[in-house]
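One structure is given below, encoded as structure tokens.
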Amino acid sequence: MTAASPPTLTSPLVSGADRFVQGLLRHWLLFVSLVLGIWTTLPWLAPVLMHLGWYWPAWWLYFIYGLFCHQLPERSWFLFGPSFTPSLAEIQAASGVGADFFALRHFLGTPALGWKLAWSDRMVSFYGGGFLFALLYGLLRGRARGLRPIGRGLPWQAALLLMLPMAVDGITHMISDLWGVTAGFRQSNAWLTVLTSNLLPPTFYAGDAWGSFNSLARLGTGLLAAFGLIFWLLPIVDRALRGDGVSIGATHLA
């Protein structure tokens, strides 16, 4: 006769950890959306803290997000100033740093000009779009079962194609900056003037102000890349955690 195995005791810590992990797996999309929401919101907090005079926590936000972004002020949005997107000339006049790339990068703003977000408009578009598209996926995944791109997700080729414009835009900006932030071909966009026969106002072609080609290109390509990444990646994770071929989640995030 086989001896009975002694009963095993599960400590409250192990049991609690197991429940936490199981809950995390069940509500993974809620967790991902929450993390994306916090990550997307904190750069907006930096200029608010500067405006309130809380410089030390604001500096830490600028430092952390500076590891992921160039933070050039002419390609960032400003709060608490007269203009949401001050021109490079206005920034140079306020900062006194001229056209030095690294000096401009570390310029945070002034009380008169306003304070910049902790990352550029492209990052606002890409990560903010990722957060919004994650919410959209959570709302639609149960209602669009089996349909692309909501239910089964985008193929990797389509996702790559959607992310390609942001890569091209970012790389051309980087190459252009080798000639200096005021002299590169993406600063004047003379090539675009030729292609469009100069049909649009000069402010559309040159600079980075709101409504210019550069600003619209960064915003548009960031949203396209976010859409491609989210609707390719999240359905893969969804199917892997649910163990089926098609997302069958409910119509909410949890």
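Bear in mind that the values in this text are calculations on the coordinates, not laboratory data. Worth saying up front: this structure is predicted, and the values here are computed from it rather than measured. Glycine also receives a Cβ, built like all others from the backbone with ideal geometry; neighbour counts cover every protein chain displayed.
Can you give the local net charge around Ser87? Use residues other than it whose beta-carbon is closer than 13 angstrom to its beta-carbon, Lys and Arg +1, Asp and Glu -1. Could you put the intermediate results ahead of the total?
On the way: positive: Arg75; negative: Glu74, Glu90, Asp208.
Charge balance in the 13 Å sphere: -2.
If we count other beta carbons within 10 Å of each Cβ, what is the order of Val48, Val35, fewest first?
Working: Val48 15, Val35 12.
Taking fewest neighbouring Cβ atoms as first place, the list is Val35, Val48.
Given the Cα atoms of region 27-242, and with Rh set as the inverse mean 1/r over their pairs in the Kirkwood sense, what is Rg to Rh to two decimals?
Rounded to two decimals, Rg over Rh is 1.02.
Run the quick spin-label model on Ala99 and Trp191: label points 7 Å from Cα toward the beta carbon, then report their separation in nm to one decimal.
A separation of 1.9 nm, rounded to one decimal place.
How much length would be gained if the chain were fully extended between Leu199 and Phe80, taking 0.36 nm per residue of separation minus their Cα-Cα distance, in nm to one decimal?
Working: separation 119, 0.36 × 119 = 42.84 nm, distance 3.39 nm.
Here the answer is 39.5 nm.
Fewest first, what order do Arg105, Arg218, Arg152 take by the number of other Cβ atoms within 10 Å?
Arg105, Arg152, Arg218
How much length is gained if the chain between Leu42 and Ala183 is pulled fully straight, taking 0.36 nm per residue apart and subtracting their Cα-Cα distance, in nm to one decimal?
Net length gain for the segment: 47.5 nm.
Give me His70, His173, His106, His51 sorted ascending by neighbouring Cβ count inside 10 Å, so fewest comes first.
His106, His51, His70, His173
To the nearest 20 Debye, how big is the dipole of region 104-236 about its Cα centre, given +1 on the beta carbon of each Lys and Arg and -1 on that of each Asp and Glu?
580 debye
Placing +1 at every Lys and Arg Cβ and -1 at every Asp and Glu Cβ, with all other atoms neutral, what dipole size does region 58-165 have around its Cα centre, in debye to the nearest 20?
800 debye
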